[in-house]
1. Might you let me know whether segment 104-116 holds any residue that is free of Cβ contacts under 8 Å to residues at least 40 places away in the same chain, closer than 25 Å to Asp245 by Cβ and in contact with a helix residue (DSSP H, G or I) (Cβ under 9 Å, 6 or more places away or on another chain)?
2. Taking segment 1-23 as the search range and keeping residues that are within 12 Å of the chain's Cα centre (by Cα) and modelled with pLDDT of 75 or more, which one is farthest from Gly50 (Cα to Cα)?
3. Given the criterion without any contact (Cβ under 8 Å) to a residue 12 or more places away in the chain and among the hydrophobic types (A, V, I, L, M, F, W, C), identify the matching residue among Ala213, Ala203, Ala227, Ala207.
4. May I ask you to list the residues in segment 118-145 that are at pLDDT below 95, under 17 Å from His68 (Cβ atoms) and surrounded by fewer than 18 Cβ atoms within 10 Å (Cβ to Cβ)?
5. Which of the residues belonging to segment 93-125 are out of contact with any strand residue (DSSP E or B) (no Cβ under 8 Å at 6 or more places or on another chain) and either assigned to a strand (DSSP E or B) or acidic (Asp, Glu) (or both)?
6. Has segment 190-208 got any residue that is surrounded by fewer than 20 Cβ atoms within 10 Å (Cβ to Cβ), of a type in the set (D, E, K, R), touching an Asp or Glu at 6+ places or on another chain (Cβ under 9 Å) and at pLDDT 95 or above?
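The values are calculated or read from the model by the stated rules, or taken from the named source; none is laboratory data. Since this is a predicted model, take the numbers as computed values, not measurements. Cβ sites come from the backbone with ideal geometry, for glycine too, and all protein chains shown count toward neighbours.
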Amino acid sequence: MKVNFIGTAGLVPGMGLKVTGKRGQLSMLIDQDYLMETGDGVLRNLNANGTNLDAINRILISHVHSDHFIGIVHVLYAMMKVTNRKEPLEIVGPSGIEKATRGLMSICELPIADDDQRGYELKFIELGKTEQFDDIQTASGSHPTEIHAYRITRKGRSVFYNGESSYTKEVLDLGRNADLFISTAVTLEPHLFHNTAEDVGRAATEAGVKRVAVVHWPTEYEGRREAFAKLVKKHFKGEVIVPKDFTVVEV
């Protein structure tokens, strides 16, 4: 299994997540078929990566805050107008993901909002407290809006992703012993509902993993990612990856 970190940035200037033009907002490609998160700039980076959009059969969303979700309309539109997609596409996310996606398409006045014009079917899976289907497991977390963590397992290897939930027991249990433990690390100082690099280090140690990748990392550390990795390593003894856009990690 390969994880391609298509975009690694965020959009909360007061927390050090200024948009600099160096990175796209959060998005990851799992192998070629799962797109995890669709922050702003995702289509630009997918195209720059040479991604085959028609190979994507699922889009997985942790929560519908804009820096994780707003780019979805451009991806869906490109699938309609550029690749002339015919195969169904599944969108997985919190309750209300269908309403949010269709609402965004309608606000943007794009023809993809019309099921007949689009040319391909959208299927939605709205997650409950815990779910398990195909190669996916999920757990609901804690955030100001409904949020879910994911675990994907293929050929005995697993990737865990927490997209801004606090590390509740349920989220930690989902991440235990994962081969790659991916987490947002948004703030430098303790925060009510965002994790610091040190929080991620503690969680990874408790989950018993050996390899961590931090995303959504602060703009201040562009050009000095190793210094940010050291913050995680204060509480974690394994490998820490601070990916830039287009970093590919083999799991």
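1. There is at least one residue in segment 104-116 that is free of Cβ contacts under 8 Å to residues at least 40 places away in the same chain, closer than 25 Å to Asp245 by Cβ and in contact with a helix residue (DSSP H, G or I) (Cβ under 9 Å, 6 or more places away or on another chain).
2. Ala9
3. Ala227
4. Ser142, Pro144, Thr145 - these are the residues of segment 118-145 that are at pLDDT below 95, under 17 Å from His68 (Cβ atoms) and surrounded by fewer than 18 Cβ atoms within 10 Å (Cβ to Cβ).
5. The answer is Glu109, Asp114, Asp116.
6. No: segment 190-208 contains no residue that is surrounded by fewer than 20 Cβ atoms within 10 Å (Cβ to Cβ), of a type in the set (D, E, K, R), touching an Asp or Glu at 6+ places or on another chain (Cβ under 9 Å) and at pLDDT 95 or above.
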